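One structure is given here, and the rest of the page talks about it.
The values are calculated or read from the model by the stated rules, or taken from the named source; none is laboratory data. Here the structure is a predicted model, which means the values were calculated and not measured. Neighbour counts are summed over all protein chains in view; Cβ atoms, including those assigned to glycine, are modelled from backbone coordinates with ideal geometry.
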Amino acid sequence: MADVRGLVLGELAVKEKILTEDDLDVCVQQQIDERYKRPLGEIMVAKGYIDQEGLDDLLRRQKEVITEYERTAETAQLFGRIAVAQRFITEEQLASAIRAQIRKESRGQGAKIGQVMIEMELIDIQQFWSILHAQGDFTCAACAQVLERPFFRGETVLCEYCKSPAFTVTPEKPGPRPTGRRKRR
Ligand SMILES: [Zn+2]
């Protein structure tokens with residue numbers, strides 16, 4: 001299962017130009033191919049992109065960043081695991097979504113993993129709901145009913161009982177958006 005801590009370290013190493021995005025791709029693929037037998041950092045060392053000392057140093061210096069990220073990583077892990085288990089996405093796609101999320105966080109554009117997956121068009125809103133639902137009951141904030149079969153409109157999930165928006169995913173896509181509301185002023 002996706003090695004979030006390893007991916008954080010990997011992205012930091014890319015940011016510090018210790019290795020390239022392509023190098024990291026190679027390591028991530030290797031890790032997936034061997035079914036997560038080794039942590040990503042160990043693979044980076046084994047492939048000679050960084051030595052153990054360099055890795056320890058990076059880990060030490062970036063401890064704060066990693067700790068910060070790990071607070072949200074647990075939910076990302078769970079969401080990702082369900083998405084893979086339901087066969088909505090592959091391990092490769094999950095790793096790339098987590099990396100995109102890490103890059104966003106490092107730019108101060110914190111985003112939830114599900115939102116990132118929708119932005120990357122890896123999942124749609126119905127799959128998003130399905131993953132969320134698999135994590136437990138979701139109660140409508142407006143009418144307090146537990147949602148079972150909500151409606152979908154655009155990137156919004158609507159309560160099946162009171163029709164109010166239960167939650168919405170608003171990806172920040174570059175360029176004009178096809179949705180009408182913003183255009184009509
Ligand atoms: Zn409701």
#### Entry: Candidate set: the stretch 143-152, residues that are assigned to a loop (DSSP other than H, G, I, E, B) and over 18 Å from Val169 (Cβ atoms); chosen: the one farthest from the chain's Cα centre (by Cα)
Cys143
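Just to check your reading of the model, which residue among Gly54, Gly48 is at positive phi and assigned by TED's automatic domain parsing to the domain that holds Ile98?
Numbers: Gly54 fails: at positive phi.
Among Gly54, Gly48, only Gly48 is at positive phi and assigned by TED's automatic domain parsing to the domain that holds Ile98.
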### Query
Identify, please: which residue in the stretch 137-152 is modelled with pLDDT under 90 and more than 9 Å from the ligand (Cβ to nearest atom) and is, among those, surrounded by the most Cβ atoms within 10 Å (Cβ to Cβ)?
Phe138
### Query
Give me the pairs: first residue in the stretch 158-170 and in a loop (DSSP other than H, G, I, E, B), second residue near the ligand (Cβ under 6 Å from one of its atoms), beta-carbon distance under 6 Å, and six or more apart or on different chains, which are they?
Cys159/Cys140; Tyr161/Cys143; Tyr161/Gln145; Cys162/Ala142; Cys162/Cys143; Ser164/Ala142
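Out of the residues in the stretch 1-59 that are in a loop (DSSP other than H, G, I, E, B) and hydrophobic (A, V, I, L, M, F, W, C), state the one that is surrounded by the fewest Cβ atoms within 10 Å (Cβ to Cβ). Steps first, answer last, please.
Of all residues in the stretch 1-59, those in a loop (DSSP other than H, G, I, E, B) come to 1-3, 16-20, 34-39, 47-51.
Those still in the list that are hydrophobic (A, V, I, L, M, F, W, C) too: 1-2, 18-19, 50.
Values: Met1: 12, Ala2: 24, Ile18: 18, Leu19: 19, Ile50: 22.
Filtering the stretch 1-59 for residues that are in a loop (DSSP other than H, G, I, E, B) and hydrophobic (A, V, I, L, M, F, W, C), the one surrounded by the fewest Cβ atoms within 10 Å (Cβ to Cβ) comes out as Met1.
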### Task
Answer yes if at least one residue in the stretch 61-68 is buried (at least 18 other Cβ atoms within 10 Å of the Cβ), of a type outside the set (Phe, Trp, Tyr) and over 30 Å from Val45 (Cα atoms), and no otherwise.
no
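Kindly indicate whether Glu105 is assigned to a helix (DSSP H, G or I), of a type in the set (Asp, Glu) and surrounded by 15 or more Cβ atoms within 10 Å (Cβ to Cβ).
Details: assigned to a helix (DSSP H, G or I): yes; of a type in the set (Asp, Glu): yes; surrounded by 15 or more Cβ atoms within 10 Å (Cβ to Cβ): yes.
Yes.
State yes or no: is Glu121 in a loop (DSSP other than H, G, I, E, B), closer than 25 Å to Ile82 by Cα, within 14 Å of the ligand (Cβ to nearest atom) and modelled with pLDDT of 90 or more? Walk me through it before giving the result.
On the way: in a loop (DSSP other than H, G, I, E, B): yes; closer than 25 Å to Ile82 by Cα: yes; within 14 Å of the ligand (Cβ to nearest atom): no; modelled with pLDDT of 90 or more: yes.
No, not satisfied.
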